[in-house]
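A.B. asks: One structure is given below, represented as structure tokens, and several questions about it will come after.
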Amino acid sequence: MAKKLKLPLDKQAIQDLRAGDRVLLSGTVYTARDAAHQRLYELIQEGKPLPFPIENQVIYYVGPTPAKPGQVIGSAGPTTSSRMDKYTPTLLEMGLKGMIGKGYRSEEVKKAIVEHEAVYFAAVGGAAALISKAIRSVEVIAFHDLGTEAIHKLEVENFPAIVIHDVYGGDFYEEGVRAFQQ
Amino acid sequence: MRVIRYEEIVEKVATMCQEANFELGEDMMNAFHQALKTEKSETGKEIISQLIENAEIAAREYMPMCQDTGTAVFIVEIGQDCHIAGGSLTDAINEGVRKGYQDGYLRSSVVRDPIGRKNTGDNTPAIVHLEFTEGDRLKLKMTAKGGGAENMSGLKMLKPSDGVDGIKAYILDVVRAAGPNACPPLVVGVGIGGNFERCAYLAKKSLFRPVGKRHADPDIASLEIELMEEINKLGIGPQGMGGTTTALDVKIEVEACHIAALPVAVNLNCHANRHKEVVL
Ligand code: SF4
């Protein structure tokens, strides 16, 4: 059974999560992928304010397809997270509490997740039409010029995801595969 | 000499690009349903169910099954007795891709140059491979190839003495290293032989064969089956979260090669294994 979770995540909710848990997320998430991460990182380096309050928030690594007329958003599945690894520890230091993507994270990111009590979720890569149904509203809030890569504020309802890295250092990619290796 | 009009190709290509992205083939749907029966991991089953539901939504609502609508890759079999009137074949394909991707609200995922990285805005240029055949027909085979799985592909120049064991070991290495990043369950395309660039092409070409269809040569066919079993023992499973369905199929194409060479290429495809074919 999937656990229902409200976003932003509070401390207790994060501590209750374990690698392998299936969750349905409801609330606000911010989208950012390669180009937006680079800009956020540059702003932090320059000591400038970020275009959204990152503390306690969740970032979704996604670059959706353009919405058709009448659609809230186009297809919107996760992109490969490792491309964001370079920037993630800095964002976690700034108070980011969750990330949704797909695929492996670096050792530095895993360490930072434990240190800053955050969580890494995977959504099903390629289940982009299905996931788009969980997205209720979309608003571009920063870096408009980046198009699909701009930062969008999404309101989601019952967004399906799976916990990969928890605050205890759990790693579902490792544990899951170990259980089925022959 | 048969004449095929430029505009006809443009229209066909535009439709193919959209259909490939909206409708997953019957071969893949069957493979999903089969995997749902055999998968041992509960999470794995849940993921496969989501993929089935996802494909159904995409087909019903005419929306892309994946937000990475891919690079448009074509293998064109052109009969030597067929003439294209009104423009070049490459231009016609690119115009079709432009139209198909823009009208279909598909994502533009191509940058003009690999270092400057500015998006071309219309998903062109397509990647076009030509093969000449006898006759006067034009066959267009298209795949929308996603970046995640393509990025985890690999090629290695093995030594002839590495033999079949070396080939297998390398293929398993590539699949293992890809883990969740290539969006398993995968279709694994393998090229063996040829030379450096030909081998990569063979791997890509093998992916155009429908899932479940074995190679005509029984020895290659049994190597495909053997590899599939070994890959599924790796435990990677759907989305790399553990399970018994890592590959839905393995495809191999082989060709003659140099006496000193044994090139092997592994082109991974994700479960969004999008293919269309038309004959003009
Ligand atoms: S690897 Fe395939 S399924 Fe995964 S995001 Fe890319 S195109 Fe989609």
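The values are calculated or read from the model by the stated rules, or taken from the named source; none is laboratory data. Keep in mind that what you see is a predicted model, and the values were worked out from it rather than measured. Note that each Cβ is placed from the backbone with ideal geometry, even for glycine, and that neighbours are counted across all protein chains shown.
A.B. asks: In region B:119-149, how many residues are in a loop (DSSP other than H, G, I, E, B), within 12 Å of chain A (Cβ to nearest Cβ) and either buried (at least 18 other Cβ atoms within 10 Å of the Cβ) or within 16 Å of the ligand (Cβ to nearest atom) (or both)?
C.D. replies: 2
A.B. asks: Here's a follow-up. Just for region B:56-92: of the residues that are assigned to a helix (DSSP H, G or I) and at the interface with chain A (Cβ under 8 Å from one of its Cβ atoms), which one is nearest to the ligand (Cβ to nearest atom)? Don't jump to the end; show me each part of the working.
C.D. replies: Applying the first criterion (assigned to a helix (DSSP H, G or I)) to region B:56-92 yields B:56-61, B:89-92.
Now drop any that are not at the interface with chain A (Cβ under 8 Å from one of its Cβ atoms), which leaves B:57-58, B:61.
On the way: B:Ile57: 15, B:Ala58: 12, B:Glu61: 17 Å.
My answer is B:Ala58.
A.B. asks: Look through region B:186-232, keep the residues that are of a type in the set (S, T, N, Q) and in contact (Cβ under 8 Å) with a residue 12 or more places away in the chain, and return whichever of them is surrounded by the most Cβ atoms within 10 Å (Cβ to Cβ).
C.D. replies: Filtering region B:186-232 for residues that are of a type in the set (S, T, N, Q) and in contact (Cβ under 8 Å) with a residue 12 or more places away in the chain, the one surrounded by the most Cβ atoms within 10 Å (Cβ to Cβ) comes out as B:Ser206.
A.B. asks: Anything in region A:129-182 that is under 26 Å from A:Gln38 (Cα atoms), in a helix (DSSP H, G or I) and not charged (D, E, K, R)? List them, or say none.
C.D. replies: Result: A:Ile131, A:Ser132, A:His144, A:Leu146, A:Gly147, A:Thr148.
A.B. asks: Can you name the condition, by its number, that A:Gln182 falls short on among (1) at pLDDT 95 or above; (2) within 12 Å of another protein chain (Cβ to nearest Cβ)?
C.D. replies: Result: A:Gln182 passes all but (1).
A.B. asks: Is region A:110-133 home to any residue that is among the aromatic types (Phe, Trp, Tyr) and within 22 Å of A:Leu50 (Cβ to Cβ)?
C.D. replies: Checked against the condition, which is being among the aromatic types (Phe, Trp, Tyr) and within 22 Å of A:Leu50 (Cβ to Cβ), region A:110-133 yields at least one hit.
A.B. asks: Now, a different point. Is one or more of the residues making up region A:32-41 in contact with a Pro (Cβ under 8 Å, 6 or more places away or on another chain), among the small types (Gly, Ala, Ser) and closer than 24 Å to A:Lys6 by Cα?
C.D. replies: Taking every residue of region A:32-41 in turn, none turns out to be in contact with a Pro (Cβ under 8 Å, 6 or more places away or on another chain), among the small types (Gly, Ala, Ser) and closer than 24 Å to A:Lys6 by Cα.
A.B. asks: Continuing with the same structure: Would you call B:Ala265 surrounded by fewer than 24 Cβ atoms within 10 Å (Cβ to Cβ) and more than 16 Å from the ligand (Cβ to nearest atom)?
C.D. replies: no
A.B. asks: Could you tell me whether region A:118-128 includes any residue that is within 12 Å of the ligand (Cβ to nearest atom) and assigned to a helix (DSSP H, G or I)?
C.D. replies: yes
A.B. asks: Oh, and also: Please enumerate the residues belonging to region B:155-177 that are crowded, with 18+ Cβ neighbours inside 10 Å and either of a type in the set (Phe, Trp, Tyr) or within 16 Å of the ligand (Cβ to nearest atom) (or both).
C.D. replies: B:Tyr170, B:Val174, B:Val175, listed by residue number.
A.B. asks: With respect to B:Gly237, is the statement that it is touching a Phe, Trp or Tyr at 6+ places or on another chain (Cβ under 7 Å) and within 16 Å of the ligand (Cβ to nearest atom) true?
C.D. replies: Yes; evaluated as a whole, the condition is true for this residue.
A.B. asks: Please specify each residue of region B:225-248 satisfying the condition of being outside any loop (DSSP other than H, G, I, E, B) and either among the basic types (Lys, Arg) or more than 7 Å from every other protein chain (Cβ to nearest Cβ) (or both).
C.D. replies: Listed by number, the residues that qualify are B:Ile225, B:Glu226, B:Leu227, B:Met228, B:Glu229, B:Glu230, B:Ile231, B:Asn232, B:Pro238, B:Ala247, B:Leu248.
A.B. asks: Looking at A:Lys133, A:Lys110, A:Lys48, which one is surrounded by fewer than 16 Cβ atoms within 10 Å (Cβ to Cβ) and either more than 16 Å from the ligand (Cβ to nearest atom) or of a type in the set (Val, Ile, Thr) (or both)?
C.D. replies: After applying the criteria, what remains is A:Lys48.
A.B. asks: Within region B:256-275, restricting attention to residues that are more than 14 Å from every other protein chain (Cβ to nearest Cβ) and of a type in the set (A, V, I, L, M), which residue is nearest to the chain's Cα centre (by Cα)?
C.D. replies: B:Val266
A.B. asks: Given region A:1-110, what helices (runs of 4 or more DSSP H) lie entirely inside it while holding 3 or more residues that are within 14 Å of the chain's Cα centre (by Cα)?
C.D. replies: Because the criterion is at least 3 residues that are within 14 Å of the chain's Cα centre (by Cα), the helices (runs of 4 or more DSSP H) in region A:1-110 that meet it are A:34-45, A:88-93.
A.B. asks: Just a yes or no: is a residue in region A:85-93 within 14 Å of another protein chain (Cβ to nearest Cβ) and at pLDDT 95 or above? Spell out how you get there, then give the answer.
C.D. replies: At the first step, the residues of region A:85-93 found to be within 14 Å of another protein chain (Cβ to nearest Cβ) are A:85.
Narrowing further to those that are at pLDDT 95 or above: A:85.
Yes, that holds for at least one residue.
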